[in-house]
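The values are calculated or read from the model by the stated rules, or taken from the named source; none is laboratory data. Given the structure is predicted, the values throughout are model-derived calculations rather than measurements. Counting neighbours? That spans all protein chains shown, and the Cβs are built from the backbone with ideal geometry, glycine included.
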Amino acid sequence: MKLKFECNKGIQIVHISGKLDSFNSQEIADKLNSQIDKGFFNLILDLSKVDYLSSMGIRVLLTLKKRVYRLNGDVKLSCVQPYPLNILKISGFLDIFSIYDTINDAEKSFATTEQIEMEDPKNIETCNTRIGVFKFLKRNNNPSKIKITGSNIDFLYARCSEESIVSENLSNMKYSLGIGGLGEKIEDYFNCIGELMTIAGTVVWVPTDGHNIPDFLIPMNENEEIKIHTVFNIALDNTFDEIVRFEADNQKDGVTIDAIYDELFSISRKRIPDFKGLLGLVMRADVGAIFGAGIKRAPIQNNTPENKQMITHRENIKEWLNFQVELEHKNTTALIVGVGLDYPSKFDPSQIQAIFNTDLATKGSKLFHNHAAIFKFLPEIKTSYQLENEINNVFKNGDFISMQHLLDRSTFKKGIIGLNYVQEII
Amino acid sequence: MEKKEIILKNKLSEIRRISEIIEKFCENNNLPMRILFDVNLSLDELLTNIIHYGFGDEKEHTIIVKLSLSENILEITIEDDGKAFNPLNAKPPNLDQSIEDKPIGGLGIYLVKNLMTEINYKRLKSKNILVLTKIVTNNLKE
């Protein structure tokens, strides 16, 4: 059993060779703990020369991970060999440890904003605007899609039937917003379907049962398939084209969500040659204040308004929608999933109708549809481009307040944004 | 039919010794690496348990491990004169907990159950007798 230490940019890389068995485990634990005592909370264990792992070895890794976790650090594994990998899998520890193919990949996953920017400033593009600074980190080049299921017409006229329900695996809807419910049997949720969103695979749902108390569902293990049931839903891709950091000039009050979209539209028109006018957005943001709305009743046949008009009709709106009269939830943290449409766009009016159900878009109006889960203020773990990490941290450590449909006047001070330049609506 | 009997003392260093014996045994009988790993890991887990918790005293004890291979069936018997303990009754770990709650107890035996084809336990004449069976295949997924 040999351990070799190498420090790179504050991350301690430990090359282990030999067996991680009961015989060796105490010695390894002692040596790794002494690294933490020296102040190294971010470690990468290079396991390319470890071909054997027993439960004692797992115990060492787990104890180490728990200790640095409490110190805001992390332990990542790289080059895990087939046999130890299988043992981690059988024992249910695969999703507990972050595992990377190479040391380099593991190092990158630790990188903070400053490191990425210093390491390769070519990857970051900074845009100064009249409302604040946007910094773009390129991610993938696959054309993005938005997937629409169900019908917003049936929803807006409150005439959904049990047949309107579309059930979809949560794993296909990592980021989405819509109207629906959770439950095994249709009678469990149909009469109280309400606003629903999925963020990084966690579901937040506000049943319209009069209590206005949201349900949370965090899948504990990735093998478990969870179904979500919606009558209308907009799903973004599971990955983003770019990750953007935004910081408003006005740090006291922040800037409105429609102003943020507006700047993103004009930047996109300059930077993205095939931009079609539609953005998918996921944001973890420091909130200035929230202006929200929510649906009060289930939009189903039993509840169809007597005048057969939309639930947003002036005669129906009071009964159907909760409108916030004042700004609320000042200085909180929000997780947002939404779409924004610029004018003009390259999509058909019929496709736009399927998302926004209005002909305003063809008359020159920009349109937005966003849902937000709001939490007591929680600072970011670090100033980084790791959106999913930050979202998961909010679910793990944040105090949830409410979930709402965002009105355009809501303001935000800064955030990490996952952006998709939508090429196709399906 | 290939047979071997190994006599161990209740010391952790003996696990190293037996793993080398198993390695030779597998080599002599052309058993795949995968089998060697599974058997060594299972013995590591079970012997560690016995040596740590099996004996209520500080005395020297003997643990007997017997190997037999016929056709494609490998049988491993572990005999000790410690306290009666049937590992098959150990509670399985909850695999779905988050990192902070994740317990570690019971994991070793859970692994053995997964790696071996069959496990049988009996208590006979104040001895724990545990028989592990492993069907030898060349299939990596097995």
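Annotations
- Any pair with Cβ under 9 angstrom, 6 or more apart, that starts in segment A:76-90 at a residue that is over 16 Å from residue B:112 (Cα atoms) and within 10 Å of another protein chain (Cβ to nearest Cβ) and ends at one that is in a loop (DSSP other than H, G, I, E, B) and not basic (Lys, Arg): A:82/B:140
- Any strands (runs of 3 or more DSSP E) falling wholly within segment A:290-371 and containing at least 3 residues that are in contact (Cβ under 8 Å) with a residue 40 or more places away in the chain, surrounded by 13 or more Cβ atoms within 10 Å (Cβ to Cβ) and of a type in the set (Val, Ile, Thr): A:333-341
- If you check A:274, A:286 for being of a type in the set (D, E, K, R) and not in a strand (DSSP E or B), only one passes: A:274.
- When segment B:38-67 is limited to residues that are part of a helix (DSSP H, G or I) and of a type in the set (Gly, Ala, Ser), the one that is surrounded by the fewest Cβ atoms within 10 Å (Cβ to Cβ) turns out to be B:54.
Residues are listed down the side, and each one gets a yes or a no for (1) over 19 Å from residue A:335 (Cα atoms); (2) assigned to a helix (DSSP H, G or I):
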position	(1), (2)
A:147	yes, no
A:153	yes, yes
A:184	yes, no
A:204	no, no
A:208	yes, no
A:230	yes, no
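- Pick from segment B:68-86, criterion farther than 20 Å from residue B:11 by Cα and not in a loop (DSSP other than H, G, I, E, B), ranking: modelled with the lowest pLDDT: B:70
- Some residue of segment A:29-50 being on the phi < 0 side of the Ramachandran plot, part of a strand (DSSP E or B), at pLDDT 90 or above and within 14 Å of chain B (Cβ to nearest Cβ): yes
- Which listed residue is in contact with a strand residue (DSSP E or B) (Cβ under 6 Å, 6 or more places away or on another chain), among the β-branched types (Val, Ile, Thr) and in the same structural domain as residue A:149 (by TED's automatic domain parsing), from A:417, A:381, A:352: A:417
- Scanning segment B:1-37 for residues that are within 20 Å of residue A:25 (Cβ to Cβ), of a type in the set (S, T, N, Q) and loosely packed, with under 15 Cβ neighbours inside 10 Å gives a single hit, B:13.
- Meets criteria (out of contact with any helix residue (DSSP H, G or I) (no Cβ under 9 Å at 6 or more places or on another chain) and at pLDDT below 90) for residue A:65: yes
- Just one of the numbered conditions (1) over 29 Å from residue A:328 (Cα atoms); (2) free of Cβ contacts under 8 Å to residues at least 40 places away in the same chain is not true of residue A:241: (2).
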